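Notes follow once the structure below has been shown.
The values are calculated or read from the model by the stated rules, or taken from the named source; none is laboratory data. If you're wondering where the values come from, they're calculated on a predicted model, not measured in any experiment. Please note: Cβ atoms are built from the backbone with ideal geometry, for glycine as well, and neighbour counts cover all protein chains shown. Just the protein is used for accessible areas: all its heavy atoms, side chains included, with ligands, DNA and RNA removed. Shrake-Rupley method; radii C 1.70, N 1.55, O 1.52, S 1.80 Å.
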Amino acid sequence: RKAGRLGLDIHEKNRKELTSFLAAYVGANKSRIQLRGIASRMGWFQGGFLWGSDWLAGDQEQEPRELVAPLDDGRASTLRAMRQEGTLADSARCVAVMAAYPYAVIGILASLASPLVKLVGAQSFVLEWASPTGTGKSSALYVAGSMWGAPRELEHGWDGTMVSAEQDMAFLGNLPLLMDDTKTVTR
């Protein structure tokens, strides 16, 4: 279907010839073609971890993964928000300052634990803060989200459907879904 939209006339009578041509093309250019694994979600894969557009692998000989997903439904902003700013030393200083704020510490630990759930074979978990307005819940959420990127851009609202929340979780893979402000729920 996609090939047809690009102007290629592919049909039952020429599919075998086209398949043979493409196989010969790949064979002749194998040394020049960089193979990449593709993914429709972030998180763990054999050989590494896909964080936004960055493939993180301990063994650099592992085939890199590239995120290929429909990005016209809000996921593009999530993908852009997954980025590194600052250094590990900057993060360590921030976490040291946050040590005086228990909500923030719990949020940081839960956020960093999210990708470890699969590795240790544990069940998924939910961290919920419920307390009066002005007690630091949103700030703690933003600190937790800052472990993975731009927290205000990573935040999801409660005003979507259950299906959209499930799609967000599937897209994030082993990364945390950050949701704030349950008072906006209209159900």
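Observations on the model:
- Residue in segment 109-127 that is over 25 Å from GLY48 (Cα atoms), touching a residue at least 40 places away in the same chain (Cβ under 8 Å) and either out of contact with any helix residue (DSSP H, G or I) (no Cβ under 9 Å at 6 or more places or on another chain) or open to solvent by 70 Å² or more (accessible area, probe 1.4 Å) (or both) present: no
- Only one of the listed residues (ILE33, ILE10) is assigned to a loop (DSSP other than H, G, I, E, B), among the hydrophobic types (A, V, I, L, M, F, W, C), at pLDDT 80 or above and at negative phi. That residue is ILE33.
- Close contacts from segment 13-39, counting a first residue that is closer than 27 Å to LEU67 by Cβ and a second that is basic (Lys, Arg) and at pLDDT below 90, with Cβ to Cβ under 8 Å and a gap of 6+ residues or different chains, come to ARG36/ARG65; GLY37/ARG65; ILE38/ARG65; ALA39/ARG65.
- Listing of helices (runs of 4 or more DSSP H) fully contained in segment 90-180 that carry 2 or more residues being farther than 23 Å from PHE45 by Cα and of a type outside the set (A, V, I, L, M, F, W, C): 102-113, 137-145, 151-154
- Flag if GLU153 is touching a residue at least 12 places away in the same chain (Cβ under 8 Å) and either surrounded by fewer than 16 Cβ atoms within 10 Å (Cβ to Cβ) or touching a Pro at 6+ places or on another chain (Cβ under 8 Å) (or both): yes
- Residue check, LEU109 over 15 Å from the mean Cα position of the chain (by Cα), modelled with pLDDT of 90 or more and not aromatic (Phe, Trp, Tyr): yes
- Complete set of residues in segment 46-57 that are assigned to a strand (DSSP E or B), surrounded by fewer than 18 Cβ atoms within 10 Å (Cβ to Cβ) and either among the hydroxyl-bearing types (Ser, Thr, Tyr) or in contact with a Phe, Trp or Tyr (Cβ under 9 Å, 6 or more places away or on another chain) (or both): LEU56
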